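The structure appears below as structure tokens.
The values are calculated or read from the model by the stated rules, or taken from the named source; none is laboratory data. Computed from a predicted structure; not experimentally measured. Reconstructed Cβ throughout: ideal geometry from the backbone, glycine too, with neighbour counts over all protein chains shown. Just the protein is used for accessible areas: all its heavy atoms, side chains included, with ligands, DNA and RNA removed. Shrake-Rupley method; radii C 1.70, N 1.55, O 1.52, S 1.80 Å.
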Amino acid sequence: MNLKKVFPVLALVLGLAGGVLHGLDLTKGYDAAGLPSGTPWFKLVCILTAAAVLLCIFCARQYRQTSDKYQAFEAYLCGGGDMHKMAAVLCAAVFALCGLFGLYTTAVHLIDLSMFERVTLIPLYLLALLSCLTFVRLGSHASAGIASEQSASLVFVPAFWAALDMVNTFKVNGNIPLEGQFMFELLGAMSLLCALNAYARFLFALPRPRLLAGFAALGVVFGLTGGVGSLLAWLMGSELVEVSFLPRAGCYIACALWLAYQLTRMAVSTEPEGPALRRKKRTAQ
């Protein structure tokens, strides 16, 4: 069995399982006072995600370290036809809906928000709306096997969205002593940011397929863990997840699924060979 073709499915299964466990932890892992109730859900999700990291590193090693700068994007991330377009359009649609709903909830609760949340949440959801254009343009061009400089430069929009979401999540929840209440949402934003930056390397720097495969898989795992977990906890009536966080959870899930599709494209790549990585020798002073 080709491990590369199983890799996307493995990442999806691990991410969904982590999301279910995280949702159960947010729902049943804390009492009315917000203290741990002694349930094993948090330990289980920690064990699962730790194992997922090791599995992702092992599976990513099946790819080359580097690839040819002028062939890598077309070889690894292009093709797929209508399926590629559909994945991009669905991701863009979710980002659009979540961005609009996020702006609405922010406007409704604007008076109750701190100044930091006001300054970060409005640009965050505007970036989510702009990310729609990124996914549509990248999807349409990649499905046709081409990538223009204009469409390629748009990949930094969702990267900025992930970076701003990470900063907001850490700043707003940094004073909470129980990390399990926000840790996987923070890891989700961090892993999505790393995956989008690795994707950008294929267009603007030396392509590193192994790096992209690893970070994309981690983005799938932690993006689904944070997004599905928060959504499931809200549906089960947890007081730890507010309605205002649901748009961000939806963006986590959409971006994670988009990365999972990119892994399926990489699995059928011809893998053009690239230059060997060379470490710079330290000069004696």
* With θ set to phi - 60°, apply the Karplus curve 6.51 cos²θ - 1.76 cosθ + 1.60 along region 250-257 and write out the HN-Hα couplings as whole Hz, x wherever there is a Gly or Pro. => x, 5, 4, 5, 5, 5, 5, 5
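Ignoring ligands, DNA and RNA, how do T39, T49 rank by accessible area with a 1.4 Å probe, largest first? Provide the component values of the computation, followed by the final result.
Values: T39 50, T49 10 Å².
Descending accessible area places them as T39, T49.
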* To do: Taking amide H positions as placed in the peptide plane 1.01 Å from N, state which residues far from Y63 in sequence (5 or more) or on other chains have amide H under 5 Å from it.
  => none
* Residue-wise, which Karplus ³J(HN,Hα) couplings in Hz belong to region 135-142, taking 6.51 cos²θ - 1.76 cosθ + 1.60, θ = phi - 60°, and x for glycine or proline? -> 5, 5, 5, 4, x, 5, 6, 5
* Asked: How would L48, L259 line up by accessible area, probe 1.4 Å, largest first?
  -> L48, L259
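If you build the convex hull over the alpha carbons only and average its shadow over all orientations, what do you get for region 131-226? Give it in nm² to one decimal.
Result: a mean projected hull area of 6.5 nm².
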* **Heavy-atom accessible area ranking, 1.4 Å probe, most first, across V13, V136** => V13, V136
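Give me the 1.4 Å probe accessible area per residue for the chain, excluding ligands and nucleic acids, in Å². Intermediate results must be reported in sequence, preceding the final value.
On the way: 14010 Å² over 285 residues.
Solvent-accessible surface per residue comes out at 49 Å².
Which percent of the accessible heavy-atom area of region 32-87 goes to carbon and sulfur, probe 1.4 angstrom? Write down the numbers at each step before the final one.
Details: 2150 of 3290 Å².
C and S atoms contribute 65 percent here.
Roughly how many debye, to the nearest 20, is the charge dipole of region 69-152 about its Cα centre, given +1 on each Lys and Arg Cβ, -1 on each Asp and Glu Cβ, and no other charges? All intermediate terms of the calculation are to be shown ahead of the outcome.
Numbers: 4 positive and 5 negative charges, 19 e Å.
The calculation lands at about 100 debye.
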* Structure fact -> For the chain, longest principal axis from Cα atoms; helix 156-173 axis from its Cα atoms; angle between them, nearest 10 degrees, is 30
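Could you give the size of the charge dipole of the chain about its Cα centre, using +1 on the Cβ of each K and R and -1 on the Cβ of each D and E, expressed in debye and rounded to the nearest 20? Walk me through the numbers on the way to the answer.
Values: 21 positive and 15 negative charges, 272 e Å.
Computed about the Cα centre, the dipole is about 1300 debye.
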* To do: Just report the Cα centroid separation between region 196-267 and region 5-21, whole Å.
  => 11
* To do: Would you check the accessible area of Y104, probe 1.4 Å, heavy atoms only, in square angstrom rounded to 10?
  => 140
* Asked: Once amide H atoms are built 1.01 Å from N in the peptide plane, which residues 5 or more positions from Y30, or in another chain, come under 5 Å H to H?
  -> S37
* Roll a 1.4 Å probe over the protein heavy atoms and report the accessible area of C132 in Å², nearest 10. => 20
* Tilt relative to the chain, helix 41-60 - C-alpha long axis, 0 to 90 degrees, to 10 -> 10
* **Pairs of lysine residues in the chain - Cα separation under 28 Å, sequence separation of 8 or more or cross-chain** => 10
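Add -39500 (n - 2.57) for each DSSP H run of 4 or more in the chain, then divide by its residues: what number comes out at 222 nm, to the nearest 500 deg cm²/dmol? Don't skip to the answer; put the middle values down first.
Values: 10 runs with 202 residues, N = 285.
Helix-only estimate at 222 nm: -24500 deg cm²/dmol.
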